[in-house]
Amino acid sequence: MDENSKPRSVLDSLGEEIVRIVTPVSICMLLVVILVSVLNNDSDSSGPSFTSIATVAYNESSSDSNWDKLKGAILNALVFVVVVTAVTFLLVLLFYFRCTKFLKYYMGFSSFLVLGFMGGEICLFLIGKFRIPIDCVTFALSLFNFTVVGVLAVFMSKTAIIITQVYLVVIGVLVAYWFTLLPEWTTWVLLVAMSLYDLAAVLLPGGPLRLLVELAISRDEDIPALVYEARPIINPDSVQRGAVVQRRVWRERRDNDIGSDENLDSRSNLNSTVYSSLESNSELAAPLIQHRINVRMNLQEGPSDDFALEGIGLGSSGAIKLGLGDFIFYSVLVARAAMYDFMTVYACYLAIIAGLGITLMLLAFYQKALPALPVSVLLGVLFYLLTRLLLETFVVQCSINLLMF
């Protein structure tokens, strides 16, 4: 068999796919770090305040002991995870009863609230910080137009993909910034708790995200969710006359349909499938990586046989999708590190990117649904603790040396 006719492996384009995901994730983290450095660096208490369900069980105080802060943070994280689990099961129930339009409208309304209210309040903080001259009417009209265009861009399939990607990153930045306003102990415990929840919700047989994915697969339907989709990688060698790109192929049902068609000589290259969902306004995050299942089918020669269904991409590698919850929690981790030291930010960033690369490698080899949070977040927390410990040890040692001389 000719080497050129061999199916293309996932690893052949894995480097490009990692870059296409790492770039928006890095931009999101950078913007959140800038916002934290600008808005949370004031000595007074006039900065933004934030109260959410993540602090309903315990409100951290500087006068509390570390043990009390740890116990309160664990309690806050448990309450948050329980609420997220309940909302996810509710999402599964609504999707089971085919309330897709309701879910889509609700997601659109949530996006409107995030862009309009959260984004508007952050803009007011920036205007006050830099003393930007702008009148109320201009600000209100600009914010309304920005919000409406964002909702349409995220939930309208005819919108250019670059606009959709930009607005998804903006939504991730806005939600992540508000998460950085949580107390320190609650933030770190919440990051670890969400990573463990993500692991269980995706891999356990009764996990809510796994149930949601299996239900979507059985129906061959998309889940209304805030998900970042990288541009499909096009392999010029695989784009040839008579090639057809099919968007999805689900299990034996679609395989049987393809095999029963007398006009098709099908060849399937099944990579991996993962779906993700994020309900951002009520702080529901389902951080997953999706690597589309694609099928290349060769038709009989003919001028009218060249077409691509649904325009997902040419070639066997398809497109990677990353849940917006990953953007949010990655950015929260780095932004929290930015409140301590920028060397710690750099260490946490490298840990998150390394974890994302490891997750993509595991996705390529195991070809099954994998959560994107656990490896990156746990590595990020570990690097934060090590870097902070080393920096503190170095500072103490330098102080002792100066006192001795």
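What follows draws every value from the coordinates through simple rules; no lab data is involved. Computed from a predicted model, the values in this text were never measured in an experiment. As a convention, Cβ positions derive from the backbone with ideal geometry for all residues, glycine included, and neighbour counts pool all protein chains shown.
Structure values in brief
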{"item": "Highest to lowest packing among 205-215, 168-178, scored as the average C-beta count within 10 Å", "result": "168-178, 205-215"}
{"item": "Test item: Cα-centred dipole of the stretch 51-136, Lys/Arg +1 and Asp/Glu -1 on Cβ, debye", "result": "380 debye"}
{"item": "Net length gained if the chain between T51 and L113 were fully extended (0.36 nm per residue, minus Cα distance)", "result": "20.7 nm"}
{"item": "Ordering of 383-393, 143-153 by burial proxy (mean other Cβ atoms within 10 Å per residue, highest first)", "result": "143-153, 383-393"}
{"item": "Amide H within-cut-off set for L370, under 5 Å, with H built and near neighbours excluded", "result": "I289"}
{"item": "Within straight-line cross-link reach of K101, lysines at Cα separation under 24 Å, skipping those fewer than 8 residues along the same chain", "result": "K158, K321"}
{"item": "Three-way shape label, the stretch 334-405, alpha-carbon gyration tensor, a/c 1.5", "result": "prolate"}
{"item": "Euclidean distance between Cα centres, the stretch 365-405 to the stretch 61-103, Å", "result": "27 Å"}
{"item": "Distance between the stretch 170-204 and the stretch 333-349 - C-alpha centres, whole angstrom", "result": "16 Å"}
{"item": "Derived scalar couplings ³J(HN,Hα) [the stretch 138-151; Karplus, 6.51 cos²θ - 1.76 cosθ + 1.60; whole Hz; x for Gly, Pro]", "result": "4, 5, 5, 5, 5, 5, 5, 4, 4, 5, 5, 4, x, 5"}
